[in-house]
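For reference, the structure discussed in these notes is given below.
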Amino acid sequence: MPKTGNWPERRGILVLWMSTVLINVTFVETDGTEEHFKVPVGTNMLEAAHSKDIELEGACEGSCACSTCHLIVMDVEYYNKLPDPTDEEIDMLDLAFGLTEMSRLGCQIKATSEIDGIRLALPVAT
Amino acid sequence: MHSRLTPLLRHLNHRNHSSLLHLRPKSTLSPPQSHPQPHSQTLDSLRRRLAEDSPSLDDFIRLQRNEDYSVEVGTKKNPLPKPKWMKESIPGGEKYTRIKKKLRELKLHTVCEEARCPNLGECWSGGETGTATATIMILGDTCTRGCRFCNVKTSRTPPPPDPNEPTNVAEAIASWGLDYIVITSVDRDDLPDQGSGHFAETVQKIKTLKPTMLVEALVPDFRGDTACVEKVSVSGLDVFAHNIETVEELQSVVRDRRANFKQSIDVLKLAKEYAPAGTLTKTSVMLGCGETPRSSG
């Protein structure tokens with residue numbers, strides 16, 4: 001951090017630093033294959049999946065208006081660490097195929113250091 | 001020589017609850033199309049032309065028996081090359097350019113462009129018959145649903161529709177000098193009347209300005225709301241269209257999950273009841289989504 005006391009400059013560097021913090025995310029495909037990736041903090045899981053060529057559909061492009069990016073959080077400790085879903089997300093999740101108690105929309109899961117190591121399964125069908 | 005089955009929109013005409021389905025396959029086995037008769041001005045003439053021009057059920061049965069119905073496409077990581085007949089050429093040509101220019105001049109939007117339909121080049125250039133078609137889209141360019149086959153923008157809260165749109169669209173279309181127009185829209189689950197009022201107003205205004213033009217309204221399901229379906233059915237349209245999009249088994253895979261087979265069929269049945277006698281109802285199906293010949297039959 002610069003010692004000049006220039007706050008915008010410090011903030012710029014802080015933002016730059018934050019965007020390079022990576023967490024470990026595992027996507028589990030429908031056939032059981034596990035794919036391990038490093039995902040920058042702040043990215044949502046739909047963006048992460050697309051950047052790594054994971055076949056996760058995002059029909060509404062992450063606007064919380066469909067249920068095609070439905071993912072299942074495999075470990076309950078990680079599910080509990082996620083912020084509660086909004087009413088909008090719940091409405092869309094209700095439409096998802098193969099809904100489980102640990103289901104979330106990929107576009108609404110933001111990568112944070114708290115969920116480092118999260119394992120996300122793609123549902124059998126969308 | 002096998003039948004050429006392209007994943008295009010097919011038009012199934014439901015008339016008088018007939019169980020016979022008339023298709024327009026792009027089969028290389030069917031005889032070449034002769035030059036079409038000039039567009040008729042009345043709905044009766046349209047019905048007569050449909051009865052004359054529709055291919056017979058035989059073409060469809062031939063397609064069903066053919067083992068080449070399905071094509072293996074592999075996966076995203078290991079794709080298999082697609083057959084030649086499945087590829088579309090990049091849109092271009094004189095008619096295409098003329099239509100594009102006209103649309104921008106009249107400030108009209110098309111679902112063809114917004115949804116990035118792969119058939120755009122073929123429809124706008126006239127295809128086999130030489131008759132160019134385009135489908136105008138109203139109620140904005142942002143939909144409240146996300147269907148997997150469509151590239152239209154999606155949002156939970158699209159901007160409010162332009163109250164001047166029905167008038168502007170009607171004037172633009174009337175000035176174009178067409179005989180037949182298809183108007184479609186995005187889904188507007190966010191609006192109290194789901195856009196049915198705006199849709200009906202557009203149809204009415206077109207009919208007022210040009211009573212002889214045939215108007216097809218390709219409507220959303222309005223979540224099955226009978227009042228909305230009625231409002232559009234009695235707006236003066238000639239053809240009430242609502243697409244079931246795919247076979248029953250694939251509805252939840254292909255469409256947004258707020259849409260479903262029963263709801264769509266009910267909308268078509270309701271329209272038949274509410275619309276004046278003689279109004280055509282129409283639906284369309286996209287083939288090549290993973291259905292079997294039996295399920296599409």
- request: At a Cα cut-off below 16 Å, give the aspartates and glutamates reachable from A:Lys81, other chains included and same-chain residues fewer than 8 away excluded.
  value: A:Glu101, A:Glu114, A:Asp116
query: Taking only Cα atoms, what is the 0 to 90° angle, nearest 10, from helix A:7-19's long axis to the longest principal axis of chain A?
result: 40 degrees
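Looking only at other chains, what is the average number of their beta-carbon atoms within 10 angstrom of each beta-carbon in B:247-258? It would help to have the intermediate numbers written out before the result.
Details: counts 0, 0, 0, 0, 0, 6, 5, 0, 1, 7, 10, 5.
Other-chain Cβ atoms within 10 Å of each residue's Cβ, averaged: 3.
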field: Highest average packing first - B:191-201, B:156-166, Cβ atoms within 10 Å
entry: B:191-201, B:156-166
task: Beyond 21 Å between alpha-carbons counts as too far, so tell me which of B:Lys87/B:Lys282; B:Lys107/B:Lys210; A:Lys52/B:Lys153; B:Lys102/B:Lys210; A:Lys38/B:Lys153; B:Lys153/B:Lys269 fall in that bin.
output: B:Lys87/B:Lys282; A:Lys52/B:Lys153; A:Lys38/B:Lys153; B:Lys153/B:Lys269
query: How do the peptides B:86-97, A:108-119 rank, highest first, by the average count of neighbouring beta carbon atoms within 10 Å per residue?
result: A:108-119, B:86-97
Cα point-scatterer Debye curve for segment B:152-264, base-10 log of I(q)/I(0) at q = 0.09, 0.23, 0.24 Å⁻¹: -0.25, -1.31, -1.36
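Among B:Glu248, A:Glu89, A:Glu77, rank each residue by its count of other Cβ atoms within 10 Å, from fewest to most, as a rough exposure measure. Please report the intermediate quantities before stating the final value.
Working: B:Glu248 14, A:Glu89 17, A:Glu77 10.
Exposure proxy ranking, most exposed first: A:Glu77, B:Glu248, A:Glu89.
Taking each residue of A:56-65 in turn, how many C-beta atoms of other protein chains fall within 10 Å of its C-beta, and what is the average? Intermediate values should be presented prior to the final figure.
Working: counts 0, 3, 3, 11, 10, 5, 2, 8, 4, 16.
If you average over the peptide's residues, the count of other-chain Cβ atoms is 6.
Dividing the Cα radius of gyration by the Kirkwood radius, what Rg/Rh value follows for segment A:35-126?
Working: Rg = 11.8 Å, Rh = 13.0 Å.
When Rh is taken as the Kirkwood radius, the ratio is 0.91.
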task: Using only the alpha-carbon atoms of segment B:88-296, report the extent along each of the three principal axes, biggest first, to the nearest angstrom.
output: 41, 39, 37
query: Among B:Pro192, B:Ala227, B:Ala172, which residue has its Cα positioned farthest towards the positive end of the charge dipole of segment B:88-296, with +1 placed on the Cβ of Lys and Arg, -1 on the Cβ of Asp and Glu, and the dipole taken about the Cα centre?
result: B:Ala172
- line: Neighbours of A:Asp94 by Cβ distance under 12 Å: Lys/Arg at +1, Asp/Glu at -1, summed charge -2
message: Based on alpha-carbon centroids, what's the gap between segment B:209-239 and segment A:51-107 in Å, whole number please?
response: 36 Å
- prompt: Considering only the other residues whose Cβ falls under 12 Å of the Cβ of A:His50, what net charge follows from Lys and Arg at +1 and Asp and Glu at -1?
  reply: -3
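Values in this text are rule-based calculations from the coordinates and carry no lab data. Because the structure is a prediction, the values reported are computed rather than measured. With ideal geometry, Cβ positions are generated from the backbone for all residues, glycine too; neighbour counts draw on all protein chains shown.
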